[in-house]
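Beneath this line is the structure, given in C-alpha cells, with notes to follow.
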Amino acid sequence: MQRIGVFVCWCGSNIAATVDVKAVAEALGKEPGVVYFEDYQYMCSEEGQNKIKNAIRDYKLTGAVICSCSPRMHENTFRKAAAAAGINSFMVEIANIREQCSWIHKDKVSATEKAIILGRAAIAKVHLNAPLTAGESPVVKRALVIGGGIAGIQTALDIADAGFEVDIVEKKPTIGGKMSQIDKTFPTLDCAACILTPKMVDVAQNEKIRIFSYSEVDAVKGFVGNFKVSIRRKARFVDEVKCTGCGLCTEKCPQKKVPNEFNLGLDQRRAIYIPFAQAVPKVATIDADYCTMLKTGKCGVCSKVCAAGAIDYKQKDTFVEEEYGAIVVATGFNPIELKKYDEFAYSQSPDVITSLEFERITNAAGPTGGTLLRPSDGTHPKKIVFVQCVGSREDGGGCGKTYCSKICCMYTAKHAMLTREKYPDTEVYVFYIDVRTPGKSFDEFYRRAVEEYGVHYVKGMVGKVSPENGKLMVRASDLIEGKQLNIDADLVVLAAAIEPDQSARPLATMLTASMDTNDFFTEAHPKLRPVESPTAGIFLSGCCQGPKDIPETVAQASACAAKVIGLLAKDKLTCNACVAHSSEMLCNGCSTCEKVCPYGAISYEEKEFRMPDRTTRVRRVASVNPAVCQGCGACTVACPSGAMDLHGFSNRQIMAEVDAICK
Amino acid sequence: MVFQYYPGCTLKTRAKELDRKARLCAEALGVQLEEIKDWQCCGGCYPVAKDEIATKLSAVRAMMAAKDAGTPVVTVCSACHNVLKRTNHDMQTDEVIRDRVNRYLKPDVPYAGEGEVLHFLEMLRDKVGFDTIREKVKNPLTGRKIGAYYGCLLLRPGKVMAFDDPENPSIMEDFITALGAEAVRYPYRNECCGAYLALEDQAITKKKSSAVLHSAKCAGAQEVITACPLCLYNLQKCGDDLPVVYFTELLFEALGLE
C-alpha cells in the first residue's frame, strides 16, 4: 500500500476563487492510502516546495498528488522537489484543477466537486505508479537552420560563433530574404544592403556554415539531439562549384521576358539569372519554366558563353541526408495577396502598389534605379496616398487577418518621410486606423514624419480607389474632421498585412511543431520560452513565430541561437522515461505498432522461445528503442493483443483513473 | 431545364416589362420558369433586420416551395434576390431564427435552408452558360458600348450573396460580351444609387445616381444596364440623359425576340 500525500494549491486566487481548496484537501484526505493532506497559497514557491519535501520525509510518503496548474507548467518543479526528498520523481502526479477546472468554471460548488474528482483520479493512478528511470541519448552537435533571411543568417552566425557546425537550407537561389529587397531601414534610415550583405558574406566565408541554396527540407525523422533530415537540392542546371558568378550568361540569354520576382514583377529578367548583384552564393540558376533549351531542346546560348563550363541541362534534383541535434525554423513571411481587396483597385491599376513594391521602386538597385516613378507611365507622382492596415486588424468576417502586422506603421512613416525628403513637391497622405509606434526611437521617428516632413496623416480608412483618366480617385473618410475626402492621387501604396510563408504549414507537419490558426509557429511558452517550439529540439527564429521588425527579428534570432547552443553543448540528453515496452509473451508479431509509430522507434526481431514441452520455437516479436520512443502511446492503443504498454501511463493506470472519475 | 420562378411585386406592377421579357428570353433559351404558387411579397428591406421574424416568413415559404419542387428558385429583381438569399442564409446558419421560423410555419419537415436561390444572371452564367447564349444570339449588339451597373444588392454582403467579387465583379460584363457588345468597365459600377432614400431625400439619390452615370459616361458607355427596378428608377430620375435599361432588354433584343 502506498502512503500518499495530497497538496492542494490555491494559485493565489486563480484556483481558490472558484474552487473551495480546503474542502478539496479534506475530501481527498479521506481517500484510501492518503496519509497527509495540505493546502497552500503557492505550492510552486520555495515555501510550498519545502512543505512537500518535509511531508515526504516526516510522513514517509511513497507518492504525492499535487492539485495545481497544468503539468506543462510545473510538473518538473514538483518532480524535482520529490526527488530531493528522496522518492522517485515519477511517484508524483498532477491533478490539473486550474486550466481544466477553476479557469473554465464559474460555479464554485460544481468546480469544487470536479476538483475532488480530478484529485481522486490522480490518487488512483499513484497507487499503481512505480519508480521509473530515464535513459540517455547522445547529441549530434550540429544545427540546421531552415530559411536564409536575416533571422536564419543571424541564428546561424551565432551558433557557428560558438563553435558548432550549421547548415542553412534556403529555397531561393540566394540567402538574404526579404531584407535584401528593402531600401532603407527604420528608425535610423541606414541602407539595408549595407548592413545585410556583409552578414551574407560572413555566412559564406564561415568555415562552420554550409549553405544549401535552392534547396528544401524534404523529410524529417528522429527526435531532439538526433534528427535525420533529407534535403532536396533542386536542380538549378548550373554546377555550383564551377560557376564563377561572372553573369555573362544572364546577359546573353535570349529569353528576356521572365517576370523578375526579386523586383516583384515590376521588371523582367532572363531565364538564367542571379537574383541580385550581392547574391550568396553568387551562382546562376536556370528557371526551368522559361528556359527554351529545357523546354524545346533548342538554344544552349548560356552553355556556349560559359567559360567555366558550369551549365548542365541534365542536372536532376538530388537528395542529401544529414544529421542534426537541433532544428531552427526561420521561414519568414510574405505580404498577403491583394486580389480580394479590389476596393483599392490593386488588380485594376499598375499605379496601385504594395509597400514592398514601393521599396523596390525607391531602391537604387531596383527597376527604376531608385527614382520614384509611376509603374504605368514612368512619370513622377505628385500626390501619393498610403493606406495602412490593408488586410490587418480585420474582424473575423473579413478576408484578411485579425492581427496587427506590426511593421506597417513604421515602414509607411519611413516611405512617407523619404518621399518628402527626396521630392519636396510631392504631397503625401497616410490613412490610418491607429498609428502604433512603440519601440526604441520609433515614436520620435513617426512624429518627425508629421512635424518636420509635413506628411498628412489622416485618421480614417480609404473606401474606394477608382482609376480615372490616368489618376487614382481616392475616396476616404477623415474621422477627426468628420468629412469625406476625395483625393486625385498619382500613386496609391497599400501596406499589405504579412502572413507566414506558405512553406511553413507543411514544414510544421514534418517537424510535428504546433502552429496557431494564422499558421504562425507556436512557442513553448508565450512569455517564458518564446524561441522554442513545444516540440523538443525545434527552435523558432524571426517572423515564422509572429510579425516582427528587423531589430526584433535579430534579437530573437540571437536568443534562439543561445538556446540551440545550450542544447548542443550537452553531450547527452536525458530521455523520456515514459516509454513503451512490449510483452514478448503476448506479442503476436502483427507489425501494427511498427506502422503507427511516428518516430520509427519500433522494430521486430526473431527470437527463440522455450515452450512448456521443452521444445524451442522462433517467434517474431516487437522491440522498442527507448532512446527514440517519445511516449505518445499510439502503439498501445493500436496493439490488438494488449502486448504494448506505456511506462507511467499503463493501461491499468488509465483504467484506474477512469474508474475513480466514474465512481 | 426547369426552375421555380419568384417574380416579386415590382415585376407585377412597375416593372411588368422586366417580367415579360425575362420569361420570353428564358423560353427562348430552353428554360422553363414555373411561377411559385401563391407567392407573397419578399418583404422588401425589412426581413434583412436581424431581429425580424414575421417578415422573413414569405421568403422562407418561397424557398420551401423550391425545396419541395427540387429545383432552385430564380428571381430577376435584385432586391428579391438579396432578401431570399439572405433569409435562406439565416435559415442555414442562425439557430434562433431557424427555430422561430419553423415554429411559426410548422412545416411537416423543418426547413433549414436546403433550397437554392439563383439570380436570373447567375442562371444564365451557371446553368445556361454564356457560351450557349453567344450561340443563340441572332442580332449581335456589335459596336455598342454598354456599361453594367450592379448596384449593391446583387453583390453585398459578398460572402452571403456569393454572386461575384463584390469589389471587381465581371458577370454582367461577360453577359454584355456574350451578346456581342463591348462592355465598358467604370469605377462606380458597384456603388449605391441611393436606394430607398428616394422616398425621403431625392437630392441624395440624385447626387449618388448622377455620380454613377457620370462615371459610366466618362469611361465611354453609351447606355447602362441594370437588374434592379429601384436602381433603374433612381438612375432614370437623376437627370442624366444616358439611357438606362434592364439587362433583359438587351437579351431580348439580341435573341431576336422583338
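The values are calculated or read from the model by the stated rules, or taken from the named source; none is laboratory data. All values reported here derive from a predicted model rather than from experimental measurement. Here the Cβ is made from the backbone with ideal geometry for all residues, glycine too, and neighbour counts use every protein chain on show.
Among the residues of segment A:530-553, are any hydroxyl-bearing (Ser, Thr, Tyr) and outside any loop (DSSP other than H, G, I, E, B)?
Yes, the conditions are met somewhere in segment A:530-553.
What number of residues within segment A:448-494 satisfy the criterion of being at positive phi, more than 14 Å from chain B (Cβ to nearest Cβ) and loosely packed, with under 14 Cβ neighbours inside 10 Å?
Within segment A:448-494, residues that are at positive phi, more than 14 Å from chain B (Cβ to nearest Cβ) and loosely packed, with under 14 Cβ neighbours inside 10 Å number 2.
Only one of these conditions is not met by residue A:370: (1) within 30 Å of residue A:156 (Cβ to Cβ); (2) surrounded by fewer than 20 Cβ atoms within 10 Å (Cβ to Cβ). Which number is it?
With (1) within 30 Å of residue A:156 (Cβ to Cβ); (2) surrounded by fewer than 20 Cβ atoms within 10 Å (Cβ to Cβ) applied to residue A:370, the lone miss is (1).
Among (1) touching a Lys or Arg at 6+ places or on another chain (Cβ under 8 Å); (2) assigned to a strand (DSSP E or B); (3) under 30 Å from residue A:97 (Cα atoms), which single condition is residue A:645 missing?
Result: residue A:645 passes all but (1).
Among the strands (runs of 3 or more DSSP E) lying completely within segment A:103-201, list those that include at least 3 residues that are under 30 Å from residue A:658 (Cα atoms).
Once the strands (runs of 3 or more DSSP E) in segment A:103-201 are filtered for at least 3 residues that are under 30 Å from residue A:658 (Cα atoms), nothing remains.
Conditions tested, residue by residue: (1) free of Cβ contacts under 8 Å to residues at least 40 places away in the same chain; (2) outside any strand (DSSP E or B).
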site	(1), (2)
A:449	yes, yes
A:464	no, no
A:480	yes, yes
A:487	no, no
A:495	no, no
A:502	no, yes
A:506	yes, yes
A:509	yes, yes
A:513	no, yes
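Which condition from (1) more than 31 Å from the chain's Cα centre (by Cα); (2) at negative phi is the one that residue A:369 breaks?
Here residue A:369 clears every test but (2).
In segment A:590-608, how many are part of a strand (DSSP E or B) and under 13 Å from residue A:625 (Cα atoms)? If you could, list the steps in order and put the result at the bottom.
Going through segment A:590-608, the residues part of a strand (DSSP E or B) turn out to be A:602-608.
Narrowing the set further to residues that are under 13 Å from residue A:625 (Cα atoms) leaves A:602-605.
Residues meeting the conditions: 4.
Among the residues of segment A:134-157, what is the count of those that are closer than 30 Å to residue A:581 by Cβ and not charged (D, E, K, R)?
The qualifying residues number 6.
Go through the residues of segment B:155-165 one by one and say whether even a single one is among the small types (Gly, Ala, Ser) and touching a Lys or Arg at 6+ places or on another chain (Cβ under 6 Å).
no
Take the residues of segment A:309-326 that are in a loop (DSSP other than H, G, I, E, B) and either exposed (fewer than 15 other Cβ atoms within 10 Å of the Cβ) or of a type in the set (Lys, Arg) (or both): which is farthest from the other protein chains (Cβ to nearest Cβ)?
In this case the residue turns out to be A:309.
Name the residue, out of A:343, A:357, that is of a type in the set (D, E, K, R), within 14 Å of chain B (Cβ to nearest Cβ) and either crowded, with 22+ Cβ neighbours inside 10 Å or touching a residue at least 40 places away in the same chain (Cβ under 8 Å) (or both).
Values: A:357 fails: within 14 Å of chain B (Cβ to nearest Cβ).
The match here is A:343.
Are there any pairs with C-beta distances below 7 angstrom linking a residue in segment A:289-316 that is assigned by TED's automatic domain parsing to the domain that holds residue A:255 and free of Cβ contacts under 8 Å to residues at least 40 places away in the same chain to a residue that is surrounded by fewer than 17 Cβ atoms within 10 Å (Cβ to Cβ) and outside any helix (DSSP H, G or I), with the two at least 6 apart or on different chains, and if so which?
Filtered contacts from segment A:289-316: A:292/A:298; A:293/A:300.
Tally time: how many residues in segment A:518-532 are surrounded by 12 or more Cβ atoms within 10 Å (Cβ to Cβ) and more than 9 Å from the chain's Cα centre (by Cα)?
Counting residues in segment A:518-532 that are surrounded by 12 or more Cβ atoms within 10 Å (Cβ to Cβ) and more than 9 Å from the chain's Cα centre (by Cα) gives 5.
Kindly indicate whether residue A:104 is of a type outside the set (Lys, Arg) and touching a residue at least 12 places away in the same chain (Cβ under 8 Å).
So residue A:104 fails the test.
Could you identify the single residue in A:578, A:560, A:629, A:587 that is assigned to a helix (DSSP H, G or I) and touching a strand residue (DSSP E or B) at 6+ places or on another chain (Cβ under 7 Å)?
A:560
Would you check which residues across segment B:207-240 are charged (D, E, K, R) and more than 22 Å from the chain's Cα centre (by Cα) and list them?
B:207, B:217, B:240
Can you confirm whether residue A:62 is of a type in the set (S, T, N, Q), outside the structural domain of residue A:533 (by TED's automatic domain parsing) and more than 26 Å from residue A:529 (Cα to Cα)?
yes
Do we have residue A:536 as away from every other protein chain (no Cβ under 14 Å), touching a strand residue (DSSP E or B) at 6+ places or on another chain (Cβ under 8 Å) and crowded, with 21+ Cβ neighbours inside 10 Å here?
No: the conditions fail for residue A:536.
Among the listed residues B:2, B:74, B:83, identify the single one that is in contact with a strand residue (DSSP E or B) (Cβ under 6 Å, 6 or more places away or on another chain), of a type in the set (Val, Ile, Thr) and crowded, with 16+ Cβ neighbours inside 10 Å.
One residue alone meets the criteria, B:74.
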